[in-house]
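So the structure is just underneath, and the comments pick up after that.
The values are calculated or read from the model by the stated rules, or taken from the named source; none is laboratory data. Nothing here was measured: the structure is a model prediction, and the numbers come from that model. Cβ placement follows ideal geometry from the backbone for every residue including glycine, while neighbour counts extend to all protein chains displayed.
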Amino acid sequence: MKRFEIVPNFSEGRRQDVIEALCRCYREQPGSILLDYEFDADHNRCVLTAVGSADALIDATLAACRIAREKIDLNHHEGGHPRMGALDVLPFLPLEDATMEDAVAAARMLGQRLWDELRIPVYFYEEASLGRKRLLPEIRKGNFEGLREAVKTDPSRRPDIGGPDLHETFGASVIGARKPLVAFNVYLQSLDMEIAKAIAKAVRESSGGLRNVRAIAIDTTAQGTVQVSMNLVDVEQTPIFRAYEFVAAEAAHYGAAVSHAEIVGLVPLSAMLAVAERSLRLRGFYDQQVLEVRLAREEKA
């Protein structure tokens, strides 16, 4: 059986009962395993990680979207994270014997069923794009409110499936296939959002910063900090430590310091080993020196 990882991002980070109901769809679906979930009130967003067969994950997602369609109204949604749908984005990541082509097929199947069964318009991104490869920020430009108006006059902004208008409360979902990314947030000892915005602009690739980095500033002043929120879309090319060091150096330039950092969701072991090698100045270290990795290999053999 081919297995996949999915990372559904729902636009709800404050109501615990709704978050639990969404998670339950992935826990209770045969063939699906919910590995992790995290939510944040400032972002007003929850990020789930599940693995399983394509059919199981699609069925679980459809069940979760029925709840999201009932419980999440983007007309009354506020939060620091960009969003255009109650299920905002969901990528398929191939595991084990699955290929990227398999992940694309699963993404396309989910997109079609979201429209056929729930009348949720869908955009495809990354490897699942129809025609020219499209990235999430390009599709989501303007958020729910801006996109809702744009689709009325600009055919290029309309959904790939369904529409042409967005769902009046749910919005639209972006479904795709991609390699793993790391969601990495750095908090600054500052209450100045202009500093966070300047650093986010400096670090993100689209502004001339680090390759494979997407970044925005998030207002977390209620916690006594401001946040630079990053997606590291290829940690083999741009590792976590490089993004951290860049943000720390920029913060120092503005007279600020790093308070702490966090990783949202799951992260590949290789990415954390790269951080360990950098921090400890290790030479010749490899993954089979990790006890749990060696045990897993022996047990599999």
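Within segment 139-188, which residues are within 30 Å of V247 (Cβ to Cβ) and more than 19 Å from the chain's Cα centre (by Cα)?
Of everything in segment 139-188, those that are within 30 Å of V247 (Cβ to Cβ) and more than 19 Å from the chain's Cα centre (by Cα) turn out to be E145, G146, L147, L188.
Scan segment 62-83 for residues that are of a type in the set (D, E) and modelled with pLDDT of 95 or more and report the count. Explain how you work it out, then say what you get.
Initially, segment 62-83 is screened for residues of a type in the set (D, E), giving 70, 73, 78.
Now drop any that are not modelled with pLDDT of 95 or more, which leaves 70, 73.
Qualifying residue count, segment 62-83: 2.
Just to be sure I understand, how many residues within segment 119-137 are under 11 Å from G162 (Cβ atoms) and either free of Cβ contacts under 8 Å to residues at least 40 places away in the same chain or not assigned by TED's automatic domain parsing to the domain that holds L90 (or both)? Can you show your working first?
Of all residues in segment 119-137, those under 11 Å from G162 (Cβ atoms) come to 119-123.
Narrowing further to those that are either free of Cβ contacts under 8 Å to residues at least 40 places away in the same chain or not assigned by TED's automatic domain parsing to the domain that holds L90 (or both): none.
So the answer is 0.
Given the conditions (1) assigned to a loop (DSSP other than H, G, I, E, B); (2) within 28 Å of F10 (Cβ to Cβ), and given that A215 satisfies all but one, which numbered condition is not satisfied?
A215 satisfies every listed condition except (1).
I'd like to check something: does segment 257-265 contain any residue that is without any contact (Cβ under 8 Å) to a residue 60 or more places away in the chain and touching a helix residue (DSSP H, G or I) at 6+ places or on another chain (Cβ under 9 Å)? Write out each step before concluding.
Of segment 257-265, the ones without any contact (Cβ under 8 Å) to a residue 60 or more places away in the chain are none.
No, every residue in segment 257-265 fails to be without any contact (Cβ under 8 Å) to a residue 60 or more places away in the chain and touching a helix residue (DSSP H, G or I) at 6+ places or on another chain (Cβ under 9 Å).
Here are the criteria: (1) out of contact with any Cys (no Cβ under 7 Å at 6 or more places or on another chain); (2) not assigned by TED's automatic domain parsing to the domain that holds I216. Tell me which single one V186 does not satisfy.
It fails just one condition, (2).
Under 20 Å from L114 (Cα atoms), in contact with a Lys or Arg (Cβ under 6 Å, 6 or more places away or on another chain) and not β-branched (V, I, T) - does that describe any residue in segment 69-84?
Within segment 69-84, the first condition is being under 20 Å from L114 (Cα atoms), and the residues that meet it are 69-74, 83-84.
Then drop every residue that is not in contact with a Lys or Arg (Cβ under 6 Å, 6 or more places away or on another chain), which leaves 84.
Then drop every residue that is not not β-branched (V, I, T), which leaves 84.
Yes - at least one qualifying residue is present in segment 69-84.
Can G163 be described as in contact with a strand residue (DSSP E or B) (Cβ under 7 Å, 6 or more places away or on another chain) and at positive phi?
Values: in contact with a strand residue (DSSP E or B) (Cβ under 7 Å, 6 or more places away or on another chain): no; at positive phi: yes.
For G163, the condition - in contact with a strand residue (DSSP E or B) (Cβ under 7 Å, 6 or more places away or on another chain) and at positive phi - is not met.
Filter segment 118-145 for residues that are in a helix (DSSP H, G or I) and either touching a Lys or Arg at 6+ places or on another chain (Cβ under 9 Å) or at pLDDT below 95 (or both) and give the result. Reasoning before the result, please.
Pass one, segment 118-145, residues in a helix (DSSP H, G or I): 118, 136-140, 143-145.
Correct list: L118, L136, P137, E138, I139, R140, N143, F144.
Yes/no per residue for (1) within 22 Å of T169 (Cβ to Cβ); (2) in a strand (DSSP E or B); (3) at pLDDT below 95; (4) of a type outside the set (S, T, Y):
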position: I33; (1), (2), (3), (4): no, yes, no, yes
position: E38; (1), (2), (3), (4): no, yes, yes, yes
position: H43; (1), (2), (3), (4): yes, no, yes, yes
position: A60; (1), (2), (3), (4): yes, no, no, yes
position: Q112; (1), (2), (3), (4): yes, no, no, yes
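Please tell me if G284 is modelled with pLDDT of 95 or more and either within 22 Å of R214 (Cβ to Cβ) or in a loop (DSSP other than H, G, I, E, B) (or both). Let's see the steps before the verdict.
Details: modelled with pLDDT of 95 or more: no; either within 22 Å of R214 (Cβ to Cβ) or in a loop (DSSP other than H, G, I, E, B) (or both): yes.
So G284 fails the test.
Name the residue that is surrounded by the fewest Cβ atoms within 10 Å (Cβ to Cβ), counting only residues in segment 246-301 that are over 30 Å from F39 (Cβ atoms) and aliphatic (A, V, I, L, M).
A301
Let me confirm something: among A222, A252, A243, which residue is free of Cβ contacts under 8 Å to residues at least 24 places away in the same chain, more than 21 Å from E127 (Cα to Cα), not β-branched (V, I, T) and not in a loop (DSSP other than H, G, I, E, B)?
On the way: A222 fails: free of Cβ contacts under 8 Å to residues at least 24 places away in the same chain; A243 fails: free of Cβ contacts under 8 Å to residues at least 24 places away in the same chain.
So the residue among A222, A252, A243 that is free of Cβ contacts under 8 Å to residues at least 24 places away in the same chain, more than 21 Å from E127 (Cα to Cα), not β-branched (V, I, T) and not in a loop (DSSP other than H, G, I, E, B) is A252.
Yes/no matrix, rows are residues, columns are (1) without any contact (Cβ under 8 Å) to a residue 12 or more places away in the chain; (2) polar (S, T, N, Q); (3) in contact with a His (Cβ under 8 Å, 6 or more places away or on another chain); (4) buried (at least 16 other Cβ atoms within 10 Å of the Cβ):
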site	(1), (2), (3), (4)
E117	no, no, no, no
I139	no, no, no, yes
G146	yes, no, no, no
K152	no, no, no, no
T169	no, yes, no, yes
